[in-house]
Every structure is written in C-alpha cells, then in structure tokens.
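Scroll down for the structure; my scribbles are underneath it.
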Amino acid sequence: EIVIEPTANDIGEVQIMADNARSQSQAYNIQKLSPKVMNVIAADKIGKLPDKNGAEAVQRIVGVTIERDQGEGRYVIIRGAPTWWNSVMLNGERLPTGGGGEGTGRDVPLDILPANFLERIEVAKTLSPDMEADAIGGSVNYITSTAPNERILDIDLGAGYHNQSQQPIYNANITFGDRLGKFGYMISGAWYERN
C-alpha cells in the first residue's frame, strides 16, 4: 500500500507576466466576460500571421476550420458542423448570401473580406437569447476597424515563391484613415496574386 502525503510547501500566489498588445488584451477580456462560450482574436494577432482573408484569419481559433476553394480559404466550419449551419455577421449584422452552397445556400464566402481590415473576430460556439436561433454550429462576428482619431496610412507589401508551382506570389494591402471634423472614414484595399 502506497500513501502519498502532501508536502507542507504552500504556494500563496502565482503571477504570469507577459506582454500582450492592447487590442489582444481587450479581446481576452471580451472572451472572459462573455456569458457564452466564445473565442476572440484581435488585429494584433491577425496581423502576425500570413492570412489573406477573413476565413483564413478565423481558422486560428480552436475548434474552427475552413473549407478551401482552389487553395484559398472560403467558408467557416465551427466544431465540424456544415458551413451552412453557421451564421456569419459583420459588425453584429447578419451577412446575406447569394446561395449556391451545398446545403440551403446560407453559407457565406469569406474570401472577399480582407484580413487587414479586421479589428477583431468573435466566434460564439454556443447560442444565447440575444442571437438568432438558426446558427446550430455557431456564429462568427467580424468586427471591422473604426475610423481613427488622426490620419493613418498602413502599407503592407509581400512577395514569395511557391516551390511546387515554381511561381512567385505577390500581395499588397493598403489602409488609409482620417477624420474630417465629426466625420471619420477608412479606406482599405488588398491585392493578392498566386498562380
């Protein structure tokens, strides 16, 4: 008979110190205070990875995968549910779709949403009373950047080489924002070429 006795060493408090960008810290706070099972990633985390569109950016969340079309991320899959069982929102408003999906045509193609224009992505894996009840798989809410208080210009250029196709890859993103009195605006464009 083996008896394991606890040691008398009591640990009073453990502090983990890490540097998080301000927007990612806010994302963790939103996730922590949410009454539903939710994951949130912010622009700081999205910008560190080479994701081109909204579908590819959301695949970094646990329990979320994507369906690809010609090598590019297009549809979101939450917890393995079919793409048409999920709801996709932009700034809290449901995105319409033109249909044509495998199921009822409710799946939203996200390859048109540039990743560099997102402030954060919220993925709710459970429903709450304030949400539409038709999202059996879950809900993805893309929050876009808001107009800045002062002028910003962000240019991102990239190039690479694909070994299998033996072709170069090019991409460029530009975001410009300014405020004219009470009117604020942001303009963003993305270009991506892959053979």
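Just so you know, all these numbers are worked out from the coordinates, no wet-lab data involved. Just so it is clear, the structure is predicted and the values come from calculations on it, not from any experiment. Positions of Cβ are backbone-derived with ideal geometry, glycine not excepted, and every protein chain shown enters the neighbour counts.
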query = Does I66 qualify as being out of contact with any Cys (no Cβ under 8 Å at 6 or more places or on another chain) and assigned to a loop (DSSP other than H, G, I, E, B)?
reply = no
request  = Scan the range 32-63 for residues that are surrounded by 12 or more Cβ atoms within 10 Å (Cβ to Cβ) and either without any contact (Cβ under 8 Å) to a residue 12 or more places away in the chain or in a loop (DSSP other than H, G, I, E, B) (or both) and jot them down.
outcome  = S34, K36, V37, L49, D51, K52, Q59, R60, I61, G63
task = Return the residue satisfying two criteria in turn: it lies in the range 163-195 and is in contact with a Lys or Arg (Cβ under 9 Å, 6 or more places away or on another chain) and of a type in the set (S, T, Y), and of such residues it is surrounded by the most Cβ atoms within 10 Å (Cβ to Cβ).
result = Y192
note = Residue count, the range 147-194, condition outside any strand (DSSP E or B), farther than 24 Å from D51 by Cβ and touching an Asp or Glu at 6+ places or on another chain (Cβ under 9 Å), comes to 2
ask   = Filter the range 66-89 for residues that are crowded, with 17+ Cβ neighbours inside 10 Å and out of contact with any Lys or Arg (no Cβ under 9 Å at 6 or more places or on another chain); which is nearest to I143 (Cα to Cα)?
value = M89
